[in-house]
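The values are calculated or read from the model by the stated rules, or taken from the named source; none is laboratory data. What you see is a predicted model, and the numbers here were worked out from it, not measured in a lab. Here the Cβ positions follow ideal geometry from the backbone for every residue, glycine too, while neighbour counts run over all protein chains shown. For accessibility, only protein heavy atoms count, side chains too; no ligands or nucleic acids. Shrake-Rupley method; radii C 1.70, N 1.55, O 1.52, S 1.80 Å.
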Amino acid sequence: MTNEMIYRGRYYNGSRASLVAATQAAMSDYRFQHVLRVEEMAVRLADKWGVDAELASVAALTHDYAKERSDADFLAKIAEKQLDPDLVNWGNNVWHGIVGAEMVKDELGIQNEDILTAIRQHTTGAPYMTTLSQIIYMADYIEAGRDFPGVEEVRALAFDDLAASVGWQTGHTLAYLIEKRVPVYPGTLLTYNAWSVEK
């Protein structure tokens with residue numbers, strides 16, 4: 001069980017309990033319960049795909065750390081860190097990963113680039129994703145509380161062919177966004193072209 005995991009201080013300067021407390025303080029209970037389910041799934045996927053469980057745990061617990069922050073907070077961080085100016089044209093769905101990673105780094109002291117990159121990529125994906133990034137991307141999508149047509153199929157796929165499951169998610173997410181007629185973040189299109197198109 002994840003709540004029995006002992007952190008060794010390689011990725012976060014504190015115990016799992018202290019990171020859980022910091023995460024819980026930053027969000028609603030609804031969001032926090034989702035985060036715990038993502039951690040559980042991420043650790044299972046990490047075990048399957050040979051990734052350090054502690055690394056997966058820290059990334060999963062912090063992936064939505066900034067999800068409920070104000071737009072003003074995000075815009076201030078974009079300016080402070082001199083991030084891509086185009087980011088101001090998007091919103092929380094993009095910001096909480098890409099900009100949220102900067103908040104995790106500054107406020108929680110997590111410096112590991114694999115973790116920060118997994119946080120940045122967990123919603124939009126990227127043309128290149130480490131195994132950890134793929135795990136967080138998928139764990140967020142298939143955690144036990146998710147219920148949508150095809151969820152059982154893609155859950156099984158994530159444990160059989162992780163890269164194929166990334167392609168499955170990206171294709172379905174893009175189709176959903178197109179159906180809703182909402183703008184698609186350019187990075188999501190790059191992810192689709194890299195992972196979802198038949199070669």
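Restricted to the stretch 1-23, and to residues that are open to solvent by 50 Å² or more (accessible area, probe 1.4 Å) and part of a helix (DSSP H, G or I), which residue is nearest to residue 42 (Cα to Cα)? Reasoning before the result, please.
Quick first cut of the stretch 1-23, residues open to solvent by 50 Å² or more (accessible area, probe 1.4 Å) only: 1, 3-4, 6, 8, 10, 13, 15, 17, 21.
So of that shortlist, the ones also part of a helix (DSSP H, G or I) come out as 3-4, 17, 21.
On the way: 3: 13, 4: 15, 17: 17, 21: 19 Å.
Filtering the stretch 1-23 for residues that are open to solvent by 50 Å² or more (accessible area, probe 1.4 Å) and part of a helix (DSSP H, G or I), the one nearest to residue 42 (Cα to Cα) comes out as 3.
Against the condition surrounded by fewer than 24 Cβ atoms within 10 Å (Cβ to Cβ), among the charged types (D, E, K, R), modelled with pLDDT of 95 or more and more than 17 Å from residue 40 (Cβ to Cβ), how does residue 140 come out, does it pass? Spelling it out, it is not the case that residue 140 is surrounded by fewer than 24 Cβ atoms within 10 Å (Cβ to Cβ), among the charged types (D, E, K, R), modelled with pLDDT of 95 or more and more than 17 Å from residue 40 (Cβ to Cβ).
Of all residues in the stretch 87-102, those that are open to solvent by 60 Å² or more (accessible area, probe 1.4 Å) and not aromatic (Phe, Trp, Tyr) total 3. Every test in (1) touching a Phe, Trp or Tyr at 6+ places or on another chain (Cβ under 6 Å); (2) within 30 Å of residue 157 (Cβ to Cβ); (3) small (Gly, Ala, Ser) is passed by residue 26 save one, and that test is (2). Examine the stretch 2-15 for a residue that is over 21 Å from residue 111 (Cβ atoms), modelled with pLDDT under 95 and not charged (D, E, K, R), and state whether such a residue exists. Yes. Filtering the stretch 152-191 to residues that are part of a loop (DSSP other than H, G, I, E, B) and touching a Ser or Thr at 6+ places or on another chain (Cβ under 6 Å) leaves only 185. Cβ-Cβ distances below 6 Å connect the following pairs, each with a first residue in the stretch 171-196 that is aliphatic (A, V, I, L, M), a second residue that is open to solvent by 60 Å² or more (accessible area, probe 1.4 Å), and a separation of six or more residues or different chains: 174/192; 190/127; 194/127. Among the residues here, residue 38 qualifies as closer than 18 Å to residue 117 by Cα and of a type in the set (A, V, I, L, M).
Across the stretch 143-162, the qualifying residues are those that are open to solvent by less than 40 Å² (accessible area, probe 1.4 Å) and of a type in the set (Gly, Ala, Ser), and the one among them that is nearest to the chain's Cα centre (by Cα) is 158. Note on the stretch 111-137: among residues that are crowded, with 22+ Cβ neighbours inside 10 Å and of a type in the set (Val, Ile, Thr), the one that is farthest from residue 69 (Cα to Cα) is 135. The residues of the stretch 24-56 that are loosely packed, with under 13 Cβ neighbours inside 10 Å and either more than 21 Å from residue 138 (Cα to Cα) or modelled with pLDDT under 95 (or both), listed by number, are 25, 28, 29.
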